[in-house]
Amino acid sequence: MLPIYYLLNTTFRTPNEVLASPLGLPKQIDFSGYVNAWKVMNYPNVFKNNLIIAVTSVGGVIFLSSMAAYAFARRSGKAYQLLFVTILVGVIMPYQVATIQLFRVLKDFHLIDSLWGVILVEIAIAVPFNVFLIKNFVNGVPIQLEESAYIDGAGVWKTYWRITFPLLKPVIATLTVLDSLSVWNDFFIPLLLLQSRAKGVILLEVYRNVGEFQTEWTSFFPMMVLGVAPLLVLYLIMQRFIIEGISTGAVKG
């Protein structure tokens, strides 16, 4: 708890107070650090960019991964097995080893300094692990439920979205939180692809305010708090769905 206390405590103090007593309580609560951070970071703009990237990336990952995992779980042909193993290579091999090739491909498609470039890369990075995890969960869903839907005249698409996908609620909720944390906190991909400040994200603005020789911590820490606060809200909201989903999945009959 000490680092968290030091972080939050410093955001409400003046630089002189921090130097005089790093762990002491503020004599008077000062919100000027948050006001300055909001202006310097252009927080509404970077928050909007972060939100667009996170929501679109996570939605795309869940949509593509769940359908791919369903196909791999319900099909046993050699082509499906080969493709599944190929996708799992993305779990084993870190994407950083192909940074130069990745940059060249995105440059050829004119996706440098574009939010869509970041979104597509984030989706590609997250899909392999999501497919692996969801496939194992789909294997636990009784296939008799889908067969009953087929007898009633439902097709594959309708059966998946009406029968199977609702039963994946626990793993979908968990992956939504994990993917959101990963995308929101990603620093490398935005640093690699986003060049203009108008397309910047929160962590890039925090990084730009780190001085070459010194850092004003009373201004730097409020930026960090503003970056973490949305994640805390998301976790508190999604925690309820995770618990409900696990409880529902634990009930049989």
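The values are calculated or read from the model by the stated rules, or taken from the named source; none is laboratory data. The shown structure was predicted, so the numbers you read here are calculated from the model rather than taken from an experiment. Positions of Cβ are backbone-derived with ideal geometry, glycine not excepted, and every protein chain shown enters the neighbour counts. Remember, those area values only see protein heavy atoms, side chains included, never the ligands or the DNA or RNA. Shrake-Rupley method; radii C 1.70, N 1.55, O 1.52, S 1.80 Å.
Laid out as a table, the results:
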read-out	value
Check on Ile4, modelled with pLDDT under 85, out of contact with any Lys or Arg (no Cβ under 8 Å at 6 or more places or on another chain), among the aliphatic types (A, V, I, L, M) and open to solvent by 50 Å² or more (accessible area, probe 1.4 Å)	no
Top-ranked residue of segment 145-165 - restricted to ones that are surrounded by 12 or more Cβ atoms within 10 Å (Cβ to Cβ) and under 18 Å from Leu64 (Cβ atoms), ranked as farthest from the chain's Cα centre (by Cα)	Val156
Residue match in segment 146-162 (condition: touching a Ser or Thr at 6+ places or on another chain (Cβ under 6 Å) and either over 30 Å from Leu231 (Cβ atoms) or modelled with pLDDT under 85 (or both))	yes
Residue tally, condition part of a helix (DSSP H, G or I), charged (D, E, K, R) and loosely packed, with under 15 Cβ neighbours inside 10 Å, over segment 9-51	2
Flag if Tyr6 is in contact with a helix residue (DSSP H, G or I) (Cβ under 7 Å, 6 or more places away or on another chain) and not in a loop (DSSP other than H, G, I, E, B)	no
Of all residues in segment 97-114 being among the polar types (S, T, N, Q) and more than 14 Å from Leu194 (Cα to Cα), the one that is most open to solvent (accessible area, probe 1.4 Å)	Gln101
Counted residues, segment 1-36 - those being in contact (Cβ under 8 Å) with a residue 24 or more places away in the chain and among the β-branched types (Val, Ile, Thr)	4
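Rundown of residues vs (1) basic (Lys, Arg); (2) open to solvent by 70 Å² or more (accessible area, probe 1.4 Å); (3) at pLDDT 85 or above; (4) closer than 29 Å to Phe12 by Cβ, yes/no style:
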position: Ile143; (1), (2), (3), (4): no, yes, yes, no
position: Leu168; (1), (2), (3), (4): no, no, yes, no
position: Leu194; (1), (2), (3), (4): no, no, yes, no
position: Trp217; (1), (2), (3), (4): no, yes, no, yes
position: Gln239; (1), (2), (3), (4): no, yes, no, yes
position: Ile246; (1), (2), (3), (4): no, yes, no, no
